[in-house]
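Take a look at the structure set out below.
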Amino acid sequence: MATPVTTPARILVAEDQADIRDLLAMNLRSAGYEVDAVDDGAQALARHAERPADLLILDLMMPRMDGLEVCKALRQQGSATPILMLTAKSTELDRVLGLELGADDYLTKPFSLAELLARVKALLRRASLLAAAQANANAQLQQPKVIRNGELEILPAKRQVTWRGKAIDFTALEFDLLLHFASHPGHVFSRSQLLNAVWGYTHDGYEHTVTTHINRLRNKLEADPMRPELILTARGAGYKMRDIS
Amino acid sequence: MTVRLKLALTVFATGIVTALLVLVTVVYAFQRFEHETAYRRGSAFLSRAAAAYDNLFEMHERQPDELRAWLRNMVLFEPDTQLYLLDLKGTVLASSGTARLPSGFRVAIEPVLKAVGQPDAAYVMGDDPERMDADAVVAVQPVRRVMIRPDAPVVGYLYLVLHTEQLPADRWAALRMSVTRPALWLVGAVVTFTTALALLIIVSVTRPLRRLTDAVATISQRGLDEGAAQAGLAAIEKSNDEFGQLKSAFDMMLETLRSQWRELRRLDHFRREGVSNLSHDLRSPLTATVACLETLEARWARSPVRTEPVDAPSASSLRTGAQDDDRRLIEIALRNTRNAARLVQSLGDLAKLDEPEFSLRSEVVDAGELIGDICVRFADRAARQGVALRAVEPGRGAVPPFAKVDVELFERAVANLVDNALKFCPAGAQVTLAASVEASQVQVRVADTGPGIAPADLPHLFDRFYQSRQSVAPATGEGGKGLGLAIVKRIAELHGGTVAVTSTLGQGTEVVLSVPAAAP
């Protein structure tokens, strides 16, 4: 076997503004990544086809082909490469659009480099975890690991949830959040801890996403979402899943 | 009282007055007609009688009983009459009646002379010897002695009292009279009919006015665009009368208002677009600048120069001094650029929130839970500042403060309030968050024991770019340039809520953010 030399992750940056492009490239390189930088979306697609990158950083507004189109094209090709979208528009609509079309994360300008680097790291980690999980799932299909808490049953490999004997569908993030809670029943997590653990964010300002997702979990799992019995609030501290066992 | 009712009442009152006048005239004319007829009949009868009997006075002198009998016979031909023979002074000499008159009884002589002297008179009213309380129609014929002379002197008068039907003294009895009753019915019918007709006409004439009023009401309720579409102005028929003119004037006014409104909207749209575009265009250069400064800062942090042991004390202390200055310069530039970036972002966000098509992504959340989480978010900063930040636990029996809100925006509003409170609070102060339900409103209170706000500043606190002159706080965060609280206000408005502030200088400030509570 080859020596396990960890090759640096390749990042493709597509940004039409030269200054920002250079700064991104400079900082990503000094953070230890291998960086390819291009001017527009069309070039990004071409370059990615030539030499696939591990992560794409796309500006939303670019000449010739904008970030969303690149995103769409890549996902249609079946590529699962994580995409970080940079946008100068902070509208909700744009965010939703970006994520629905297959971007994995987004940053609104102006952003801090530290945050960008943290997001890049989180995205790459998640991608590798996912790959590992898929490899694991393929390997251990015979004996899937089951996480149980009372009447809650989670099959992480199949991403299946059964609650009180009924199968319930969850979106990817909802599932990850539920899995995180179920893996540590009775443990209290603050919103920023959850954001960090499940979303991979390290920066302030997105905690409301956690609130929204906890709300959704409660709506799907609780008999009365206004009086939760499974996902409880620890006032002034955070949230926990009641340890039923 | 509506105009319709007023008009109808006017028509009704006019009708009644006219009818009464007509009635009085009719009754009067009827009476006069009766008098005239009686007078003519009486006069004709008397002249015939006088022509047939020319020796009446002689008969009176010689055989008074015979004259009385003749008089009685005469009145048999004319029912309801009494015939008298008078002398020249009006003294009653003989009577057809059975009533006994006092001797020398005299009737007024003026009517007698008038009847004789004015043969064309319509009728003459004179004394009735049997009923002295009321006048009666009288006919008079002069009586002469029997002489073969053309100018034989008048020696007396035949005096015929005709008993016409008199109006009863009692008014109600007068109304019940055979003449007035049918007339009254008729008048009543006419007045009713006229009033009904008038009402009908008034209703049809004032219908456009009514519609116009309805249209105005609809527009004032629903607004210029939607209201005008629903007001049904087109349904009002076109006419050239005053209502038609009013309607076209109203249409013109509406058109003017609409065009001005469109213009305002257009300008407002441009303003928002302008702010939005400006904010958008500023983002890239700011991003680049921040990234540059951050790169430099990171290099300084990694720079070996600062950690290197000092060889030549004098030279290196000079160098490190200069390097410390450089580092500070970068820090200042970075902090200010970040503030500018935040401001630009807030501006863009506010422009976004102002857009009419902006929509909330609402979900039901427990505001009590949310303020707890917000406290956790700000815990580090509060601790660094030495400010006691806490969320009040709701009472046991309290209604849980559930509200349907856009979590991101609502949290941002509350966070802005906390950020603002922390910014102005000195070490040792307290910032307290509480959520409760009052009158189906979820109220989130952010109270601090900070320096308070001057009363003069309170009304403008939530205005854009308003910054208290007293405030000496550095421009950090959204509140730094007076946008944070404007964003709070806009978010409250978007949720159909309000934000209110009370403050006492030297004691502290309390801001209450209210939004409608979610139905349990």
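The values are calculated or read from the model by the stated rules, or taken from the named source; none is laboratory data. All values derive from a computational prediction rather than experimental measurement. Counting neighbours? That spans all protein chains shown, and the Cβs are built from the backbone with ideal geometry, glycine included.
B:VAL399 passes all but one of (1) of a type outside the set (Phe, Trp, Tyr); (2) outside any helix (DSSP H, G or I); (3) at the interface with another protein chain (Cβ under 9 Å from one of its Cβ atoms); (4) surrounded by fewer than 20 Cβ atoms within 10 Å (Cβ to Cβ); which number fails?
Among (1) of a type outside the set (Phe, Trp, Tyr); (2) outside any helix (DSSP H, G or I); (3) at the interface with another protein chain (Cβ under 9 Å from one of its Cβ atoms); (4) surrounded by fewer than 20 Cβ atoms within 10 Å (Cβ to Cβ), the lone unmet condition for B:VAL399 is (3).
Where in the range A:171-245 are there helices (runs of 4 or more DSSP H), lying fully within it, with 2 or more residues that are under 24 Å from A:LYS145 (Cβ atoms), among the hydrophobic types (A, V, I, L, M, F, W, C) and outside the structural domain of A:ARG125 (by TED's automatic domain parsing)?
Because the criterion is at least 2 residues that are under 24 Å from A:LYS145 (Cβ atoms), among the hydrophobic types (A, V, I, L, M, F, W, C) and outside the structural domain of A:ARG125 (by TED's automatic domain parsing), the helices (runs of 4 or more DSSP H) in the range A:171-245 that meet it are A:172-183, A:207-221.
Mind checking which pairs have a first residue in the range B:374-390 that is within 12 Å of chain A (Cβ to nearest Cβ) and a second that is of a type in the set (Val, Ile, Thr) and in a helix (DSSP H, G or I), Cβ under 9 Å, 6 or more apart or different chains?
B:ILE374/B:VAL414; B:ILE374/B:VAL418; B:CYS375/B:VAL418; B:ARG377/B:VAL418; B:PHE378/B:VAL418; B:LEU389/B:VAL418
Just to be sure before I move on: is A:VAL96 part of a helix (DSSP H, G or I) and either at pLDDT 85 or above or not assigned by TED's automatic domain parsing to the domain that holds A:LEU28 (or both) in the structure I sent?
No.
Please find, among B:ARG62, B:ARG32, B:ARG68, the residue that is exposed (fewer than 12 other Cβ atoms within 10 Å of the Cβ), on the phi < 0 side of the Ramachandran plot and of a type outside the set (A, V, I, L, M, F, W, C).
Checking each option against the conditions leaves just B:ARG62.
Where residues in the range B:437-456 are among the polar types (S, T, N, Q) and buried (at least 19 other Cβ atoms within 10 Å of the Cβ), which of them is farthest from B:ALA403 (Cα to Cα)?
So the residue we want is B:THR449.
Please determine whether any residue of the range B:1-15 is touching a residue at least 40 places away in the same chain (Cβ under 8 Å) and of a type in the set (S, T, N, Q).
no
Does any residue in the range A:103-125 that is at the interface with chain B (Cβ under 10 Å from one of its Cβ atoms) come within less than 7 Å, Cβ to Cβ, of a residue that is of a type in the set (Lys, Arg) six or more places away or on a different chain, and which pairs are these?
A:LEU107/A:ARG119; A:LYS109/B:ARG283; A:PRO110/B:ARG283
Inspect all residues belonging to the range B:31-38 and state whether any of them is at pLDDT 85 or above, small (Gly, Ala, Ser) and closer than 30 Å to B:SER95 by Cβ.
Yes: one or more hits.
For the range B:49-70, which residues satisfy the criterion of being closer than 20 Å to B:ALA115 by Cα and either in contact with a strand residue (DSSP E or B) (Cβ under 8 Å, 6 or more places away or on another chain) or modelled with pLDDT of 85 or more (or both)?
Scanning the range B:49-70 gives B:ALA49, B:ALA50, B:ASP54, B:LEU56, B:PHE57.
Could you say whether any residue in the range B:433-448 is at pLDDT below 90 and in a loop (DSSP other than H, G, I, E, B)?
The answer is yes, given that some residue of the range B:433-448 is at pLDDT below 90 and in a loop (DSSP other than H, G, I, E, B).
Please go through the range A:229-240 and give me each residue that is at the interface with another protein chain (Cβ under 9 Å from one of its Cβ atoms) and modelled with pLDDT under 90, ordered by number.
Those that are at the interface with another protein chain (Cβ under 9 Å from one of its Cβ atoms) and modelled with pLDDT under 90: A:THR233, A:ALA234, A:ARG235, A:GLY236, A:ALA237, A:GLY238.
Does at least one position in the range A:181-192 carry a residue that is within 13 Å of another protein chain (Cβ to nearest Cβ) and among the small types (Gly, Ala, Ser)?
The answer is yes; a qualifying residue exists.
Kindly indicate whether any position in the range A:141-150 is assigned to a loop (DSSP other than H, G, I, E, B), exposed (fewer than 12 other Cβ atoms within 10 Å of the Cβ), modelled with pLDDT of 80 or more and on the phi > 0 side of the Ramachandran plot.
No.
Might you let me know whether the range B:356-365 holds any residue that is facing another protein chain (nearest Cβ under 8 Å) and assigned to a helix (DSSP H, G or I)?
Taking every residue of the range B:356-365 in turn, none turns out to be facing another protein chain (nearest Cβ under 8 Å) and assigned to a helix (DSSP H, G or I).
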